[in-house]
Structure formats: structure tokens, C-alpha cells
Amino acid sequence: MARKIRIGMVGGGRGAFIGGVHRIAAAIDGEIELVGGAFSSTPEKSKASGEDLMLDPARCYGDFKEMIQKEKRRKDRMDAISIVTPNHMHFAPAKMALENGFHVICDKPVTFTLSEARKLKDIVEKTGLTFALTHNYTGYPMIKQARAMIQAGAIGNIRKVIVEYPQGWLSFPEEQTGNNKQAEWRTDPKRSGIAGAVGDIGTHAENLAEYVTGLKITELCADVSTFVEGRLLDDDANVLLHFDNGAKGILTCSQIANGEQNGLNIRVYGELGSLHWHQETPQYLRHKSIDGQRIFEPSVGDLYEAAKVSSRIPFGHPEGYLEAFANIYKNFARTVRKRMNGETPNEFDLDFPTIDDGIRGMQFVETVIASGKSSSKWVKFKS
């Protein structure tokens, strides 16, 4: 098969921030073509969104059910479905797409509940189709460099992990203004689930910590808060972590850290040194030890292959959020193409979050919320 992977999108219509991000990321490497979608919960808005994107009107559908039913009968049918809806609308289109032979790439968290995530894993395994989850921060070249360095023993046995995700955009009751769609659904338990900041950005921090270190959280102790009066879900959490190698960790996530923008960062301390990375200056990875420090950058010097294959431009030109997002789509597309051709994807093709990462994320959400409500505090990470 020598053609682009054809995808359809569920959600991401007019006024939706993340839909545009997904479309740009999918297009960056020229391996994916958006051919249609069901872009909104209302057929009229879905059609209008398709017009905005200059797509074939016949492939801009009223809802995801119509899209999947009609597309599966086309000779030039979509190969995959991209799901960019609020959390409560992830499971149903993912389930239907997989059961009708479409690969799936889905925004995080993977589902509304842990139970749904486990059901979805059964379907992924039964169908044998490719499922990717867009924990996009794992796509940064310097995150892949950090992961490769840890695997190679560059900082020795890991002792401590600190991962933080501070934002300030919900410092005030934005969801009550009537003009902030993102704030409305992300703070609504009927659409977001049992967690607010913990589910929205805490899952990114959890995923990044486990991806970079290769470790798994075994138990945690959480202090979960809602600072803004009238808000229905948490907007701040501080979590102590225990990892499966005996390492200890601290995870903080907040959407009321006034003055912060998108400050995701991670520090990993080992016996021989440490690694430091900050999402707002993503081209720099600092490797520190008692002998000094070295700064790694994309496309500069002797990097690990995982970092090299994730960079697109010469050194001195920063790669950022969209390019990291695009690495998830690129690897997903290459895996789908090779499997459709009867070929075996390589380790770099397969370097994207999967349904298992989605389940870990939902386990994290439920365990943090349970710990936050518990008087005993330390809660085993749910398996």
C-alpha cells in the first residue's frame, strides 16, 4: 500500500481547540489524510465544520454511527478514526470503530471510567487493530532521549521522581461565565468523569513519569482539593508516589496556580546523576551529576536513535508541542500501514501510548480520588 492513511474525525468541530491540534499534527509528516468526520454533536454544526475544512460534503456526517456505517461500505473507506471529543464520548465511537474494522487514535484520558477502559482493551485485543492514545508529551525528542538514557543506565538506579503540571487558567470560575467551552466540559462530572485537574493534566504527569523512567506506580497518597467556590471537580492535587523499584516520587497538578501557563516538568534522580526537562523549554534536556552538567538538544551531538528519529529540522530551530503531537500520529500511521501490508512495525513505529497506558491513566484517576477521600491515605494502585 503506497498511499496516505485515510482518517475520519469524531468531534473537533467549530470552537473546539483540540480538534485543530490533532488535524495539524496528523498532517505534519504527510502520511495521513483527513477525508471526513462527524465533527459535532449536532448534524448542522458537523456539516458546517466539514465545509470549513473543505472536505467532501458526502463524508461529513451527522454523527459517528452514521459515519462508521457508511464508511465501512466504501471502497475508499477510512482506515482509522480519530476521537477528539470530551471524555464521556470516547468509549462508544472507539468501540464501534474497532468492531467495524477501523483502527483508532483517541485523545486522553482514554474513557469515562476504568471499567470502560478495560472493556475497550478486550475489544482491541479481540480485533487485533491498532489503538493509540495521544499522551502527546511523550513525543518530544528530548523526552525520548531521557528515556533512552535511563534504559542505558546513564543515571543508575532511580531513587526519586518529581513531576509537576501547574496551570493557572482555572484560577477563577471560568466555567460559570458561559463563554468558555473548554472550562465548561472539563469541570463537569457528567462529561469529564470523577476528576477535574487530576484527569485532565494529572494523567499526563503520571504517564510521563512512567514512560520516561520505565517504572510503575504501586501505591500513592493524595491530597485533592477544590479551591474555586462552586466548582464541582478538583482543581488541585498533591500526590506522594511509590514505584515498583523502591523509588519514591512526588506528583503535583494544579489548574489554579495563578501565573502558570503549561508548566509540565519532570526531574528524575538516580544513583549516578539526574535528568531535568521542562515542557515550556522542550528542546533542552539537562543531565546533571556532582561533576557538572550537560545539556542535550534535538539534532545536536550524539543522541540516542529514539531522539534522532523524532526530530524533523536542523539544530537551532526549536521543535515544540505540535511536532511532539505529530510523532504520535506518525508512529501510529506507520504501524497501521505496515500491518495492512503484512509487515512488522519496528520499535520506533510502535513508540506511542496504547490502551494499556489508557488503563494506567484511569487507574491513576480512581486511585488518587479514592486516596483523597480516604482517612488512611496510602492506597494501592489499582490493577
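The values are calculated or read from the model by the stated rules, or taken from the named source; none is laboratory data. For clarity, every value in this text was computed on a predicted model and none was experimentally measured. Positions of Cβ are generated from backbone atoms using ideal geometry, with glycine treated the same way; all protein chains shown enter the neighbour counts. The accessibility values were calculated without ligands, DNA or RNA, using every heavy atom of the protein model including side chains. Shrake-Rupley method; radii C 1.70, N 1.55, O 1.52, S 1.80 Å.
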- Query: Is region 324-335 home to any residue that is within 12 Å of the chain's Cα centre (by Cα), in contact (Cβ under 8 Å) with a residue 24 or more places away in the chain, part of a loop (DSSP other than H, G, I, E, B) and under 21 Å from LEU264 (Cβ atoms)?
  - Reply: no
Examine region 195-203 for a residue that is outside any loop (DSSP other than H, G, I, E, B), of a type in the set (D, E, K, R), over 30 Å from GLY292 (Cα atoms) and over 17 Å from the mean Cα position of the chain (by Cα), and state whether such a residue exists. no
What about VAL35, is it touching a strand residue (DSSP E or B) at 6+ places or on another chain (Cβ under 6 Å) and in contact (Cβ under 8 Å) with a residue 40 or more places away in the chain?
yes
Inside region 256-297, the number of residues satisfying the requirement of being open to solvent by 70 Å² or more (accessible area, probe 1.4 Å), more than 30 Å from TRP169 (Cβ to Cβ) and in a loop (DSSP other than H, G, I, E, B) is 4
Among residues of region 298-342 being hydroxyl-bearing (Ser, Thr, Tyr) and under 18 Å from TRP277 (Cα atoms), the residue most open to solvent (accessible area, probe 1.4 Å) is TYR304
Exception for GLU164 within (1) of a type in the set (Asp, Glu); (2) in contact with a strand residue (DSSP E or B) (Cβ under 8 Å, 6 or more places away or on another chain); (3) farther than 30 Å from GLU343 by Cα; (4) not in a strand (DSSP E or B) falls at (4)
The condition from (1) in a loop (DSSP other than H, G, I, E, B); (2) closer than 26 Å to LYS108 by Cα; (3) out of contact with any His (no Cβ under 9 Å at 6 or more places or on another chain) that PHE315 misses is numbered (2)
Counted residues in region 343-375 being surrounded by fewer than 20 Cβ atoms within 10 Å (Cβ to Cβ), part of a helix (DSSP H, G or I) and among the aromatic types (Phe, Trp, Tyr) come to 0
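In region 218-242, which residue that is of a type in the set (Gly, Ala, Ser) and part of a strand (DSSP E or B) is nearest to ILE201 (Cα to Cα)?
So the residue we want is ALA237.
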With criteria (1) over 24 Å from GLN279 (Cα atoms); (2) in contact (Cβ under 8 Å) with a residue 40 or more places away in the chain; (3) open to solvent by 30 Å² or more (accessible area, probe 1.4 Å); (4) not hydrophobic (A, V, I, L, M, F, W, C), GLY193 comes up short on (3)
Check your understanding: Within region 102-122, can one find any residue that is free of Cβ contacts under 8 Å to residues at least 12 places away in the same chain, in a helix (DSSP H, G or I) and not small (Gly, Ala, Ser)?
Key -> yes
_When you scan region 27-41, do you find a residue that is over 19 Å from the mean Cα position of the chain (by Cα) and part of a helix (DSSP H, G or I), even just one?_
no
In region 208-231, anything touching a residue at least 60 places away in the same chain (Cβ under 8 Å) and hydrophobic (A, V, I, L, M, F, W, C) is listed as LEU208, VAL212, ILE217, LEU220, CYS221, ALA222, VAL224
Going through (1) over 22 Å from the mean Cα position of the chain (by Cα); (2) open to solvent by less than 20 Å² (accessible area, probe 1.4 Å) one by one, ALA237 fails only at (1)
message: Against the definition (under 30 Å from PRO282 (Cα atoms), open to solvent by 10 Å² or more (accessible area, probe 1.4 Å) and either aliphatic (A, V, I, L, M) or modelled with pLDDT of 95 or more (or both)), how does THR85 come out, yes or no?
response: yes
